Amino acid sequence: MSFISMEFLLFLAGAILGYYLIPKRFQWVWLLMFSCVFYLCAGLQAVCFLLTTAMTTFAAGLWIKQREDAVKKRLALLPAGAPKEDKKALKERCRRQKCLIVAGTLLVNFGILGALKYMNFAIDNLNALLGLDLSRVSLLLPLGISFYTFQSMGYLIDVYRGKYEPERNPFRFALFVSFFPQLLQGPIGRFDRLSTQLYEEHRFDLTSLQRGLLLMVWGYFKKIVIADRAAVLVNQVFGNYEAYTGFAVIAAVLGYSVQLYCDFSGGMDVVMGASECFGIHLDQNFKRPYFARSISDFWHRWHITLGTWMKDYLFYPLSLSKAMNRFGKFTKKHFGRHVGRVLPVCISNLVIFFVVGVWHGAAWKFIVYGLYNGIIIALSNLLAPLYTKLLQALHIPVKSRAWTVFQILRTFVLVNISWYFDMGSSLSAAFAMMRNTFRGLSPAALTDGSLLSLGLGKADFLVLGAGCAVLFTVSLLQERNVKIRESLAKKPLIVRLSLYLLLLFSIPLLGQITITGGGFIYAQF
């Protein structure tokens with residue numbers, strides 16, 4: 001069920017209406033029912049994978065708790081003078097058992113994700129490397145499998161770490177895994193922040209409903225008016241990359257930058273707005289990433305919940321491990337204090353961004369995409385002292401507005417280079433497009449009308465430009481800590497209604513609803 005469909009809007013309206021009419025103690029049950037119906041629309045086979053993740057994770061959480069309780073009982077039964085070694089042995093045995101439970105559950109669920117998403121990629125590479133003739137496998141990739149898998153595994157690791165008690169009600173846990181607004185493309189929620197909101201009672205709040213609907217309309221505006229219009233140009237050039245050079249390629253890459261951000265963040269706005277209609281507030285997933293001053297800052301603003309998941313469950317365990325600690329001491333001794341402190345972090349970052357690349361898709365271009373970002377961040381950290389000395393030598397005022405603008409533009413260029421790998425049909429296509437960018441790079445292409453042969457007419461470019469101007473203005477205000485919805489709520493009624501109606505009616509009047517079939521790019525993850 002696409003979020004951009006009358007079917008979904010009617011589905012959501014029915015869910016909201018019933019949610020506030022039924023007895024409040026059954027509200028979470030109502031959400032679970034609608035979440036099940038929503039995912040059943042994707043097919044019974046997809047539901048089986050979702051249930052497998054939910055049941056194995058739920059059972060593993062309870063099993064961990066059972067082992068902990070059993071050890072506590074045994075420790076309590078030990079005589080007062082029992083040797084400390086006996087207590088240590090019991091605790092160590094419990095720790096190992098819990099590790100096995102977590103490892104087994106991670107293996108099952110990430111194994112399912114890996115098999116469904118990367119089996120054919122592995123077959124293709126084995127055929128090319130070993131000269132085999134293995135046939136590709138036809139596999140169903142369930143909607144949102146990456147998101148609900150990561151969310152569930154985060155819960156399990158937190159239970160293992162003792163961050164919170166495991167959920168004892170399997171149906172409540174099923175709602176945490178399958179909450180329908182966030183099921184397709186996140187954000188990746190944390191149990192301690194989301195579960196209480198899902199299970200607690202919510203009274204009808206007209207203000208919350210209005211705020212949620214406004215955020216949804218803004219998300220639809222970004223998706224339908226901006227992203228789907230930019231998609232026409234992007235698909236035209238990237239789909240026939242050998243035929244285009246110079247400013248046509250640059251226009252396509254910039255178009256993809258706009259398309260991807262408005263598609264993904266627009267989808268997040270729809271998800272978060274729909275959730276707010278139920279009184280549920282999801283974690284922020286975007287924070288104006290194109291205002292970032294470095295690639296590291298960009299990833300703190302882009303797909304925030306994925307970044308924090310990687311940081312908490314991969315980066316910290318790896319960078320703080322005993323092996324990395326020993327490596328840090330070795331490099332500090334042989335290469336100096338700065339390298340010894342930074343190099344283990346850089347290696348951990350490269351591993352994380354390799355995983356980020358793999359998460360984005362089963363292709364070498366995505367691995368290069370991830371490593372490209374990781375290498376830039378690693379070099380920035382390693383060369384930071386040299387960079388600081390250079391700025392001082394050139395007497396560059398690092399706190400000036402001009403320098404801030406330069407940093408933003410520099411980061412934007414670096415990000416756009418990465419989009420070649422993300423959008424290119426293959427790794428070779430991405431490099432070919434890079435070469436084509438510098439061929440036939442004539443300023444005349446900006447005025448001779450050749451850009452109008454890329455699928456968009458003058459009116460489309462005007463609408464796209466106006467939409468980007470509105471987006472930039474809103475983002476700039478938010479960057480300056482202006483809370484848009486709160487500010488609008490204080491305006492006179494006639495002003496608010498005029499703005500709301502203008503935004504609402506711009507979508508059917510200016511939108512490119514049929515271009516991408518109504519789907520969001522990240523729904524495939």
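The values are calculated or read from the model by the stated rules, or taken from the named source; none is laboratory data. From a predicted model like this one, the values you see are computed outputs, not experimental measurements. Every residue, glycine as well, gets a Cβ built from its backbone with ideal geometry; the counts of neighbours run over all protein chains shown. These area figures cover heavy atoms from the full protein model, side chains too; ligands, DNA and RNA do not enter into them. Shrake-Rupley method; radii C 1.70, N 1.55, O 1.52, S 1.80 Å.
Taking the criterion of being free of Cβ contacts under 8 Å to residues at least 12 places away in the same chain and either buried (at least 18 other Cβ atoms within 10 Å of the Cβ) or farther than 12 Å from GLY455 by Cβ (or both), the only residue of the stretch 211-248 that qualifies is ALA243. Residue under question is VAL102, and the condition is that it be at pLDDT 95 or above, open to solvent by 60 Å² or more (accessible area, probe 1.4 Å) and among the β-branched types (Val, Ile, Thr); does it hold? No; evaluated as a whole, the condition is false for this residue. Would you confirm, using the coordinates I've provided, whether PHE264 is of a type outside the set (Gly, Ala, Ser), assigned to a helix (DSSP H, G or I) and touching a strand residue (DSSP E or B) at 6+ places or on another chain (Cβ under 9 Å)? Here the answer is yes, as PHE264 does meet what is asked.
Only residues that are in a helix (DSSP H, G or I), open to solvent by 30 Å² or more (accessible area, probe 1.4 Å) and in contact with a helix residue (DSSP H, G or I) (Cβ under 9 Å, 6 or more places away or on another chain): list them for the stretch 34-57, please. Selection gives PHE34, CYS36, VAL37, LEU40, PHE49, LEU51, THR52, MET55, THR56. Exactly one residue among SER294, SER275 is at pLDDT 95 or above and out of contact with any Ser or Thr (no Cβ under 7 Å at 6 or more places or on another chain), and that residue is SER275. Within the stretch 75-99, the residues that satisfy the criterion of being open to solvent by less than 100 Å² (accessible area, probe 1.4 Å) and either within 24 Å of LEU62 (Cβ to Cβ) or in contact with a strand residue (DSSP E or B) (Cβ under 6 Å, 6 or more places away or on another chain) (or both) are LEU75, ALA76, LEU90, GLU92, CYS94, GLN97, LYS98, CYS99. For the stretch 397-429, which positions are open to solvent by 50 Å² or more (accessible area, probe 1.4 Å), over 29 Å from PHE264 (Cα atoms) and not in a helix (DSSP H, G or I)? Scanning the stretch 397-429 gives PRO397, VAL398, LYS399. Of the residues making up the stretch 23-68, those that are charged (D, E, K, R) and touching a residue at least 60 places away in the same chain (Cβ under 8 Å) are LYS24, ARG25, LYS65.
Applying the criterion of being aromatic (Phe, Trp, Tyr) and over 14 Å from the mean Cα position of the chain (by Cα) to the residues of the stretch 278-316, the residue that is nearest to ILE16 (Cα to Cα) is PHE278. Here LEU141 fulfils each of the conditions (1) assigned to a helix (DSSP H, G or I); (2) at pLDDT below 95 apart from (1). Scanning the stretch 499-525 for residues that are modelled with pLDDT of 80 or more and not in a helix (DSSP H, G or I) turns up GLY511, PHE520. Quick check, is PHE438 of a type in the set (Phe, Trp, Tyr), open to solvent by 40 Å² or more (accessible area, probe 1.4 Å) and under 30 Å from ARG401 (Cβ atoms)? It is false that PHE438 is of a type in the set (Phe, Trp, Tyr), open to solvent by 40 Å² or more (accessible area, probe 1.4 Å) and under 30 Å from ARG401 (Cβ atoms).
When the stretch 472-498 is limited to residues that are farther than 18 Å from GLN284 by Cβ and open to solvent by 80 Å² or more (accessible area, probe 1.4 Å), the one that is modelled with the highest pLDDT turns out to be PHE472.
Among the conditions (1) surrounded by fewer than 17 Cβ atoms within 10 Å (Cβ to Cβ); (2) within 18 Å of LEU51 (Cβ to Cβ); (3) under 22 Å from the mean Cα position of the chain (by Cα), the only one that TYR148 does not satisfy is (1).
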